[in-house]
Amino acid sequence: MNALIKSATIVDSKSDFHNETVDILIEKGRISKISKHIANPNNYKEIKRDNLHISQGWFDSSVSFGEPGYEERETITNGLKTAANSGFTSVALNANSNPVIDSYADITLVKSKANDHAVSLYPIGALTQMSKGEDLAELFDMTNAGAVGFYDYQKPISNPNLMKIALQYASNFDGLVCSFPQESKISGLGVVNEHINSTKLGLKGNPALAEELQVARDLFLLEYTEGKLHIPTISTAKSVELIRAAKAKKLNVTCSVAIHNLVFTDDVLQEFDTNYKVLPPLRTQSDCNALIEGLKDGTIDMVTTDHNPIDIEHKKIEFDYAKYGTTGLESAFGALQNIFTTKKTVSLLTQGKSRFSVSETSINEGELADLTLFNPDTTYKFNTTYILSRSKNSMFLGLKLKGETYGIIANNKIVLK
């Protein structure tokens, strides 16, 4: 693949051309030249866009594509197309399919379905067999097949001894154990944040305490085992404090936050719109503020869309019975730019790669082209025409967003809108 990108502003602190507007020549998938002006004698494909900006390719540590088993929600092929058009060059795929991805063969299957795509797919295997929380899955075998971590998606491990054994066992091959932060005996049948709004609306509450107890437990187990832990999608101020203290003790822990938990509070639940039913639930403004501060000071290592397409039959029903989940890939960039500067937004979208064994590059001559193309300055109201996923369950519908993506260049391929 050969291409010439014209007049692009580079947003990459690792690049020698950071903040400069330049031409970028790509030959055979690798950046061969960066200069103020590059001629095109070989008639390579020229890429020009309004207010074109370019950064390292973005990464999402938590996406769900449904396949195999839930293709009516999303397929791997369309999910990767959606990721590419949303600016992501690599995604980590959750194991919440049917059957659950919990073996060498399963990891091999989903990787094969992602062959020859511009977006790189990194599968996360289930931590326990069939994600039932009873017996460990084939962790080492899945690692050999290409799994980058182990996680029973949104299913907490209730048995602390099982979590202890998982951390100890996985440390033998530098495996990453992910633990969903919820104590089920405390959360019970709660479907929204336990606070004023849950009482007003008559909906069962899921208290912040349920998350914080599990985070505290897992951090104690991590300290005991000296393992390697990732806590996905934290949502409370106290969780940020606990992880900040753990990092001060040099524990090997990382965490992420879902973008929607930065943007929305449980105040949006007044109309019982099931698009706002997510796990962990939307919390309070003070929690949002603490999460944003945690990203700014580095306590929280990465953001995620926690992209989870759900078919209409499981969303357009009573709130108590609707499934958890929102799509988020298409709205990620614009939503983050409502909170952070463009430089910080790009930084957040490129963090976390090394934790999930994703290779990192920079925009310099000689590097492989792994690039995201975007315009940071446009504003628009997000509607269904922007949703490329097969399911349309986005809580961002109707929200004014800032910035649009043009596409990506990665894996020796170009995907542009």
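The values are calculated or read from the model by the stated rules, or taken from the named source; none is laboratory data. Remember, it's a predicted structure, so these values are computed and weren't measured experimentally. Cβ coordinates were reconstructed from backbone atoms using ideal geometry, including for glycine residues, and neighbour counts include every protein chain displayed. With ligands, DNA and RNA removed, areas are computed over all heavy atoms of the protein, side chains included. Shrake-Rupley method; radii C 1.70, N 1.55, O 1.52, S 1.80 Å.
Here are a few things to note about the model shown:
- What separates the Cα centres of region 141-170 and region 26-57 is a distance of 42 Å.
- Amide hydrogen proximity for Ser120: with H placed 1.01 Å from N in the peptide plane, the residues at 5 or more positions away or on another chain lying under 5 Å are Ser90, Val91.
- Region 78-131: proportion of alpha-carbon pairs further apart than 19 angstrom, %: 28 percent
- Between Asp320 and Asn159, the FRET efficiency estimated from the beta carbon spacing at R0 = 25 angstrom works out to 0.35.
- Backbone HN-Hα couplings from phi across region 42-57 [Karplus 6.51/-1.76/1.60, Hz, Gly and Pro as x]: 8, 6, 5, 4, 9, 10, 10, 8, 4, 6, 5, 10, 9, 9, 4, x
- Of Asp12, Asp297, Asp320, the residue with the greatest mean-square motion in the GNM of the chain, using alpha carbon springs below 10 Å, is Asp297.
- Under 5 Å from the amide H of Asn193 lie the amide H atoms of Asn206, Leu282, each residue being 5 or more positions distant or on a separate chain, with H modelled from the backbone and absent for Pro and chain starts.
- P(r), alpha carbons of region 185-308 - 10 Å bins starting at zero, rounded %: 13, 45, 32, 9, 1
- Along its first, second and third principal axes, ordered by size, region 21-168 spans 62, 35, 26 Å in Cα coordinates.
- Per-residue 3J(HN,Hα) values for region 262-278, derived from phi via the Karplus relation 6.51 cos²θ - 1.76 cosθ + 1.60 with θ = phi - 60°, read 8, 9, 10, 10, 5, 5, 7, 7, 4, 9, 6, 6, 6, 4, 8, 8, 9 Hz in sequence order (x marks Gly and Pro).
- Pairs of Lys residues in region 56-210 that lie 8 or more places apart, or on two chains, and have C-alpha atoms under 14 angstrom apart add up to 4.
- Summary value for region 303-392: 36 percent relative contact order, contacts being C-alpha pairs under 8 angstrom separated by 6+ residues.
- Considering only Ile101, Ile243, Ile312, the mean-square fluctuation computed in a Gaussian network model of the chain, springs between alpha carbons under 10 angstrom, is largest for Ile312.
- When DSSP beta bridges are restricted to pairs lying wholly in the chain, around 50% turn out antiparallel.
- GNM flexibility winner over the chain from Pro281, Pro160, Pro376 (Cα, springs under 10 Å): Pro160
- Shown here for region 1-107: trypsin sites (Lys or Arg not before Pro) in loop regions (DSSP other than H, G, I, E, B) with at most 11 other Cβ atoms within 10 Å, namely Lys28, Lys36, Lys48.
- When the convex hull of its Cα atoms is projected in every direction, mean area for region 299-362 (nm²): 6.5 nm²
- The orientation-averaged projection of the convex hull spanning the C-alpha atoms of region 335-385 amounts to 5.3 square nanometres.
- Among Met130, Met163, Met1, the order of accessible area from largest down is Met130, Met1, Met163, computed with a 1.4 Å probe on protein heavy atoms.
- Percent carbon-and-sulfur accessible area, region 92-189, ignoring ligands, DNA and RNA, probe 1.4 Å: 48 percent
- The relative contact order of region 221-282 comes to 37 percent, based on Cα pairs under 8 Å that sit 6 or more residues apart.
- Where GluC sites (Glu not before Pro) fall in DSSP loop in region 230-320, at most 16 other Cβ within 10 Å: Glu318
- Percent of alpha-carbon pairs separated by more than 18 Å within region 121-225: 52 percent
- Two numbers describe the Cα atoms of region 233-290: Rg and Dmax, which are 13.1, 44 Å.
- Cross-link reach is defined here as a Cα-Cα straight distance under 14 Å, omitting same-chain residues fewer than 8 places apart; for Lys277 the aspartates and glutamates meeting it are Glu194, Asp266, Asp267, Asp306, Asp311, Glu318, Asp320.
- For the chain: relative contact order, % (alpha-carbon pairs under 8 angstrom, 6 or more apart): 20 percent
- Taken as entire DSSP H runs, the helices of the chain that both span 18 Å or more between Cα atoms along their own long axis and average -0.5 or more on the Kyte-Doolittle scale are 208-225.
- Binned Cα-Cα distances of region 340-417, short to long, each 5 Å bin given as a whole percent: 3, 11, 16, 21, 22, 15, 8, 2, 0
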